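J.: Once you've had a glance at the structure underneath, I'll fire off some questions.
The values are calculated or read from the model by the stated rules, or taken from the named source; none is laboratory data. Because the structure is predicted, anything quoted here is derived from the model rather than measured. Positions of Cβ are backbone-derived with ideal geometry, glycine not excepted, and every protein chain shown enters the neighbour counts.
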Amino acid sequence: MGSIDSSFFDIGRLDALSSKDSPVHRIDPRLKVLTTLYFIAIAISFDKYDPAGPVPLLVYPMTLMIIGEIPFSYIAKKLLIASPFVLSVALFNPILDRCPMLNLGPISVSGGLVSFASIMTKYVLTVSAVLALIACTGLDSICSALARMGVPKAFTIQLLFLYRYIFVLGEEAARMTRARALRSFGGKGLGMSVYSSMIGHLLLRTVDRAQRIHLAMLCRGFDGEIRHGEPSKIRLSDLLFLAGWCALFTLLRLYDFPAWLGKGLGRLL
Amino acid sequence: MHMADALISPAVGGAMWAATAGLTVYSARKLKEEMDERKIPLMGVMGALIFAAQMINFTIPGTGSSGHLGGGLLLAILLGPPAAFLTMASILTIQALFFADGGLLALGCNIFNMGFFPCFIAFPFIYKKIASSGEGAKRILAAALAASIIGLQLGAFGVVIETVFSKISELPLGTFLLVMQPIHLAIGIVEGVVTASLIGFISSTRPEVLEAAAGPARGKPFSIKPVLIALILVAAFTGGVLSWFASSNPEGLEWSIARICGNKELKSPESGVHALLSRIQEKMAFLPDYDFRKEKPEGLAKSESAQGKENAWPSMRTGTSVSGLLGGAMSLVLAGLIGFGIKIFQGRKSGRRDG
């Protein structure tokens with residue numbers, strides 16, 4: 001029950017972060033989305049036995065977070081709790097691939113461990129980039145950006161609607177869950193029959209709500225399109241943002257920066 | 001069963017994105033044709049309902065564990081396939097963006113696995129076939145069970161295939177299938193029972209909702225065949241092209257980038273820089289046999305791949321990538337320093353603004 005409340009609080013927090021004003025918040029959302037997609041494609045294209053290679057890419061989400069004033073601890077917490085799927089699949093790599101790959105003094109490290117490290121590096125990079133993107137852009141802007149980039153309107157309208165009503169229905173579901181928990185003793189009444197009549201009632205109310213919403217929208221002149229405020233224009237600084245980051249990602253992909261650093265350091269030692 | 005970016009390769013991600021984009025455009029067009037404007041708010045609110053319902057757990061009798069609703073099939077029954085697909089896609093997008101549940105590039109895979117299979121396969125070909133041939137709670141239960149089990153099995157199979165094709169995970173096909181399919185059999189049974197009981201509840205309290213909600217979609221004959229063929233072609237083409245980029249050249253992405261950048265003026269100075277840098281690199285070589293991939297001689301690489309995984313890595317490669325690890329740690333520190341620098345710079349700037 002607590003988890004429902006806290007996860008909605010979580011979305012609300014991301015929303016609050018996105019309404020701040022900073023240089024990265026002001027970048028045109030279309031270019032931010034494109035940059036982030038390119039970033040992810042570059043990050044996951046690294047070889048699976050190269051855990052160090054993608055590390056410098058961390059500069060991108062980190063810069064977004066710092067300039068956008070997004071707290072590190074918040075993103076880090078999300079990274080920790082999200083996606084048990086990655087961990088559970090990645091954990092098989094050290095078990096299945098035991099060929100030694102490198103020696104650290106007396107300890108030899110298997111290829112599986114190396115590829116495990118690589119998966120986790122990529123996980124941290126891709127997830128933090130997405131969270132940073134949403135925290136410094138906000139869903140409304142992302143939807144209007146998607147619509148202007150040619151994504152079907154039906155989908156972007158759907159996204160906006162869903163996002164709007166997640167909060168409403170989420171609160172309702174949280175209330176119902178709390179009421180059910182308060183009325184259940186020794187785990188009774190938490191089963192499927194109560195669940196389905198509970199969700200069934202919620203569903204019926206939802207259908208009615210949809211009708212009311214539709215009427216209200218018609219009263220306000222809805223014609224199948226949601227108009228976003230004045231469309232933002234792409235400025236020179238936005239283009240520089242896109243070009244600069246993409247060039248950096250490409251360079252980091254083409255040249256093995258960590259290897260040089262390591263060698264240079266090794267030489268110094 | 002949300003797949004994450006870290007577990008897929010760009011080729012698989014790109015191919016599934018292409019397929020999903022095609023499906024989204026198709027669904028949007030279909031929705032426009034049957035334009036029933038009431039559906040717009042209904043889809044949004046239904047998506048939110050599925051979202052909320054996924055967060056309420058219920059105990060599964062006899063096991064002590066708890067389950068929740070997936071929702072694809074329920075949406076298809078209530079909204080019809082195209083609208084249900086778009087709703088599922090929006091749910092998965094929100095989950096990817098806000099909850100880090102699945103990634104942005106993996107979104108194509110996830111929407112396909114959890115949206116396409118229940119909405120476009122399980123509902124029209126299984127649920128409708130069984131449920132429309134008669135009335136009664138038992139028949140609905142049977143239809144929902146069969147449809148959600150098959151939908152989830154297909155989805156789980158999709159996850160396995162996409163993961164194995166990406167070659168990031170070491171899990172072999174057989175083992176992964178043996179893990180995933182039975183788990184999703186159990187999930188499918190639960191999902192089927194819950195869906196059936198929800199449909200039963202609605203049809204006993206407000207049957208008009210079922211008829212009204214799926215009405216227009218139900219009347220029209222629905223043909224998925226041309227879409228399916230187009231989809232397979234698009235996915236195969238994209239995947240083929242991307243993986244050809246990746247395999248024809250060990251640094252396929254670089255090559256494709258060079259291809260995209262295209263012109264020679266750009267290329268030649270780059271190679272000059274490259275040559276210069278590699279000379280510097282050679283001179284700086286402190287741990288000469290560094291590197292996982294680049295300095296492996298061509299012939300060796302070929303014979304290794306021929307020998308298969310067991311012998312893929314020569315047993316002892318002392319010194320390999322100790323420098324790599326060092327470099328990784330260093331770049332982490334460096335990145336941290338850059339961030340710290342920005343922060344200080346920013347603090348000073350805002351301080352100046354305040355003062």
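J.: Can you tell me which residue in region A:158-186 is farthest from A:Arg227 (Cα to Cα), limited to those that are within 7 Å of chain B (Cβ to nearest Cβ) and small (Gly, Ala, Ser)?
T.: Among those residues, the one meeting the criterion is A:Ala173.
J.: What's the number of the condition A:Leu182 fails, among (1) surrounded by fewer than 20 Cβ atoms within 10 Å (Cβ to Cβ); (2) at pLDDT below 85?
T.: Every condition holds for A:Leu182 apart from (2).
J.: Also, I was wondering about something else. Which residues, counting only those in region A:47-59, are surrounded by fewer than 24 Cβ atoms within 10 Å (Cβ to Cβ) and closer than 20 Å to A:Leu248 by Cβ?
T.: Matches in region A:47-59: A:Asp47, A:Leu58, A:Val59.
J.: Which members of region A:72-84 meet the condition of being touching a helix residue (DSSP H, G or I) at 6+ places or on another chain (Cβ under 8 Å) and either part of a helix (DSSP H, G or I) or at pLDDT 85 or above (or both)?
T.: Answer for region A:72-84, where residues must be touching a helix residue (DSSP H, G or I) at 6+ places or on another chain (Cβ under 8 Å) and either part of a helix (DSSP H, G or I) or at pLDDT 85 or above (or both): A:Phe72, A:Tyr74, A:Ile75, A:Lys78, A:Leu79.
J.: So which residues in region A:144-157 are assigned to a helix (DSSP H, G or I) and within 13 Å of A:Leu31 (Cα to Cα)?
T.: If the condition is that a residue be assigned to a helix (DSSP H, G or I) and within 13 Å of A:Leu31 (Cα to Cα), then A:Ser144, A:Ala145, A:Leu146, A:Arg148 are the ones that fit.
J.: I need the full set of residues from region B:146-172 which are in contact with an Asp or Glu (Cβ under 9 Å, 6 or more places away or on another chain) and outside any loop (DSSP other than H, G, I, E, B), in order please.
T.: Across region B:146-172, the qualifying residues are B:Ser148, B:Ile149, B:Gly151, B:Leu152.
Residues are listed down the side, and each one gets a yes or a no for (1) under 26 Å from B:Leu23 (Cα atoms); (2) modelled with pLDDT of 85 or more; (3) surrounded by 13 or more Cβ atoms within 10 Å (Cβ to Cβ):
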residue: B:Gly174; (1), (2), (3): no, no, no
residue: B:Met180; (1), (2), (3): yes, no, yes
residue: B:Ile189; (1), (2), (3): no, yes, yes
residue: B:Gly192; (1), (2), (3): yes, yes, yes
residue: B:Glu211; (1), (2), (3): yes, no, no
residue: B:Ala214; (1), (2), (3): yes, no, yes
residue: B:Leu228; (1), (2), (3): yes, no, yes
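J.: Something else about it: Which residue out of B:Ile130, B:Ile94 is crowded, with 19+ Cβ neighbours inside 10 Å and out of contact with any Asp or Glu (no Cβ under 8 Å at 6 or more places or on another chain)?
T.: After applying the criteria, what remains is B:Ile94.
J.: Right, next: Working carefully through the options B:Leu42, B:Leu23, find the one that is within 25 Å of A:Asp223 (Cα to Cα), crowded, with 21+ Cβ neighbours inside 10 Å, more than 8 Å from chain A (Cβ to nearest Cβ) and not basic (Lys, Arg).
T.: Sole residue among the options that is within 25 Å of A:Asp223 (Cα to Cα), crowded, with 21+ Cβ neighbours inside 10 Å, more than 8 Å from chain A (Cβ to nearest Cβ) and not basic (Lys, Arg): B:Leu23.
This table checks each residue for (1) modelled with pLDDT of 85 or more; (2) within 30 Å of B:Leu86 (Cα to Cα).
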residue: A:Asn93; (1), (2): no, no
residue: A:Cys99; (1), (2): no, no
residue: A:Leu102; (1), (2): no, no
residue: A:Thr126; (1), (2): yes, yes
residue: A:Leu131; (1), (2): yes, yes
residue: A:Ala135; (1), (2): yes, yes
residue: A:Lys153; (1), (2): no, yes
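J.: Going through A:Ser115, A:Ser128 one at a time, which residue ends up being within 8 Å of chain B (Cβ to nearest Cβ) and part of a helix (DSSP H, G or I)?
T.: The unique qualifying residue is A:Ser115.
J.: State whether the residues of region A:192-200 include one that is surrounded by 19 or more Cβ atoms within 10 Å (Cβ to Cβ), out of contact with any helix residue (DSSP H, G or I) (no Cβ under 6 Å at 6 or more places or on another chain), within 21 Å of B:Arg206 (Cα to Cα) and at the interface with chain B (Cβ under 7 Å from one of its Cβ atoms).
T.: Checked region A:192-200: at least one residue is surrounded by 19 or more Cβ atoms within 10 Å (Cβ to Cβ), out of contact with any helix residue (DSSP H, G or I) (no Cβ under 6 Å at 6 or more places or on another chain), within 21 Å of B:Arg206 (Cα to Cα) and at the interface with chain B (Cβ under 7 Å from one of its Cβ atoms).
J.: Next up: Of the residues in region A:33-54, how many are facing chain B (nearest Cβ under 8 Å) and not in a loop (DSSP other than H, G, I, E, B)?
T.: The number of residues fulfilling the criteria is 7.
J.: Among the residues of region B:105-114 satisfying the criterion of being of a type in the set (A, V, I, L, M) and either more than 7 Å from chain A (Cβ to nearest Cβ) or under 20 Å from A:Arg13 (Cβ atoms) (or both), which is farthest from the chain's Cα centre (by Cα)?
T.: This residue is B:Met114.
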